[in-house]
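Right, one structure below, let's go through it.
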Amino acid sequence: MFPVHRPRRLRKDDTIRRMVRETSLSPADFIYPLFVAEKKKGYREEISSMPGCYQESVDRAVKHAKEVHSLGIPAVLLFGIPKHKDAEGSSAWDPKGAVQQAIKGIKDAVPELYVITDVCMCEYTDHGHCGVIEGGQVLNDPTLELLSKEALSHARAGADMVAPSDMMDGRIEIIRDTLDEEGFTELPIMSYAVKYASAFFGPFREAAESTPQFGDRRSYQMDPANRREALKEVALDVEEGADIVMVKPALSYLDIISDVKNEFDLPVAAYNVSGEYSMVKAAGKMGWIDEEKVMMEILTSIKRAGADIILTYHAKEAAKLLGA
Ligand code: PBG
Ligand code: ZN
């Protein structure tokens, strides 16, 4: 009989399709980012390029975290928007900073919700770069000390995990040493190991008020054209003590997620970034795509490529559809 092989046999109805499905999503796969601003109680402002996402005060972020937890999402990632910015980004390690307060507030209100913090200088520096500037250059080694201070400050406030996103060389080692010396040997590090200099971060920079005031981030973030270099970045971070490695952005970098998954034994996270989210929202609003279906297809593809963890602004909507 022709043809012998008929793959369509296993696509006949939803029951058999469910039985042979290779990838499934769960709310437990997601981490939801929150933008915590140093603002008066009750403040909440929608980010115009990221519908459904907000800059909010500490009390509102705590409330929001409860909602995230109730949807079955295990973790949040905190970004801080400080009142005061300066050249070295000193608000980053302010024990009374928005992130530090939000950590405490969330851990008090929903202790089971895992609190991860983004560790970087760009939200705190007046020039908007991820490190110390001298002569128009972002200096590597002097930045490491600042990042360690910031990570330690988050740890002291009660963070469950820190996630350095700056792309300075050697930062995982320095942060690991600092945490260990201060007694935080059990605190894991999720490294933004493979972070590309991507235009997909555009909406985030509005959200976090972290647009570089001059130049761009190409002297520290990776060239989108490079694939082999991603494995080198991951190898270095693993050697330096990273517990989880991240690829960012996700959607245009599925090959990289797959490479990292195949090459290394530790959990792989992927960041479905702001621009990826905004494009889906915009096309959905225009009626050009079925927004929910496209969202689930994108998240499934990121997981299928090899991500164990997905950082995504879609987390709440997706968790609702998956029925927490
Ligand atoms: C900070 C940071 C950025 C993002 C996460 N951490 C922006 C950047 O590097 O410019 C991007 C997140 C997103 O676009 O959703 N370094
Ligand atoms: Zn940064």
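How about the range 1-87: which trypsin sites (Lys or Arg not before Pro) there are in a DSSP loop, with at most 14 other Cβ atoms within 10 Å of their Cβ? Please report the intermediate quantities before stating the final value.
Details: sites: Arg8, Arg9, Arg11, Lys12, Arg17, Arg18, Arg21, Lys39, Lys40, Lys41, Arg44, Arg60, Lys63, Lys66, Lys83, Lys85; in loops: Lys12, Arg21, Lys39, Lys40, Lys41, Lys83, Lys85.
Within the range 1-87, the qualifying trypsin sites (Lys or Arg not before Pro) (loop, at most 14 other Cβ atoms within 10 Å) are Lys12, Arg21, Lys40, Lys41, Lys83.
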*In the structure displayed, which of Lys248/Lys281; Lys85/Lys232; Lys85/Lys195 lie more than 31 Å apart, Cα to Cα?*
Lys85/Lys232
_Estimated FRET transfer efficiency when R0 is 35 angstrom, pair Asp265-Asp14 (beta carbons, to 0.05)_ = 0.50
*What percent of all Cα-Cα pairs in the range 25-323 falls in each 10 Å bin, counting up from 0?*
7, 29, 39, 22, 3, 0
*Can you pull the Kirkwood radius for the range 169-315, inverse mean 1/r over Cα pairs, to one decimal in Å?*
16.3
*What residues of the range 274-297 lie in the reach of a label at Glu206, counting those whose backbone N is under 18 Å from a point 7 Å from the Cα along Cα→Cβ?*
274-287
*For helix 98-109, report the angle its Cα long axis makes with the longest principal axis of the Cα atoms of the chain; keep it between 0 and 90° and round to the nearest 10°.*
60
*Which value at 222 nm does the chain reach when only helices count, each DSSP H run of 4 or more adding -39,500 (n - 2.57), with the total divided by all residues and rounded to the nearest 500 deg cm²/dmol?*
-12000 deg cm²/dmol
*Using 7 Å Cα-to-Cβ label points, what is the Asp108/Lys41 separation (nm, one decimal)?*
1.1
*Work out the charge dipole of the chain with +1 on the Cβ of Lys and Arg and -1 on the Cβ of Asp and Glu about the Cα centre, then indicate which of Gly131, Gly42, Leu144 is farthest towards its positive end.*
Gly42
*asked:* If I stretch the segment between Ala235 and Ala199 completely, what's the gain in nm (0.36 nm per residue apart, minus their alpha carbon distance), one decimal?
replied: 10.4 nm
*Separation between the Val4 and Gln213 pseudo-spin-labels, each 7 Å from Cα along Cα→Cβ, expressed in nm?*
7.1
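Coordinate-derived values only; no laboratory data. What you see is a predicted model; the values in this text were computed from it and never measured. Cβ: placed from backbone, ideal geometry, glycine included. Neighbour counts: every protein chain shown.
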